[in-house]
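Take a look at the structure below.
The values are calculated or read from the model by the stated rules, or taken from the named source; none is laboratory data. Since the model is a prediction, treat every value here as computed from it, not as a measurement. Counting neighbours? That spans all protein chains shown, and the Cβs are built from the backbone with ideal geometry, glycine included.
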Amino acid sequence: MALGGALFKTRSLAAAARAGGKVDVNDEAAKPAKAVRTGDLLRITLPREKRSVKVLALAATRGPAPVARALDDDLTPAAPPRVRRAPPPYRPPGAGRPTKRERRELERLRGF
């Protein structure tokens, strides 16, 4: 089973994910000998997200990434937009230690 395109950067990373149980084919754990067919649904657990991909076609040979991306359909919903935080309070260089109020604002921005 080859996993490529934009899903994994290298074939060795794809093989390691498959061997580590991070890839499911049609809601079943993928084994190295599992053949992927057109229409199969792949669920892949990546370090920061989970992706769902439907196989549209199979290539006879390895090729460039743009061709590999055209062979599957990414069904993963788009990530929500990130919320921008207010910039930290400005302190001119050499202004000394921050006040208690400024420290609390900095801690609030850092999430403490």
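Results, tabulated for the structure shown:
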| quantity | calculated |
| --- | --- |
| Residue in segment 20-35 that is surrounded by 11 or more Cβ atoms within 10 Å (Cβ to Cβ) and part of a helix (DSSP H, G or I) present | no |
| Condition met for residue 46 (in contact with a Pro (Cβ under 8 Å, 6 or more places away or on another chain), of a type outside the set (Gly, Ala, Ser) and in contact (Cβ under 8 Å) with a residue 24 or more places away in the chain) | no |
| Flag for residue 75 being at pLDDT 85 or above and in contact with a Ser or Thr (Cβ under 6 Å, 6 or more places away or on another chain) | yes |
| Residue that is closer than 30 Å to residue 103 by Cα, small (Gly, Ala, Ser) and free of Cβ contacts under 8 Å to residues at least 40 places away in the same chain, where the choices are 33, 86, 15 | 86 |
| Filter result for the condition that a residue is outside any loop (DSSP other than H, G, I, E, B) and surrounded by fewer than 11 Cβ atoms within 10 Å (Cβ to Cβ), over 12, 52 | 12 |
| Filtered residue count, segment 61-112, keeping only those that are within 26 Å of residue 46 (Cα to Cα), part of a loop (DSSP other than H, G, I, E, B) and of a type in the set (A, V, I, L, M, F, W, C) | 6 |
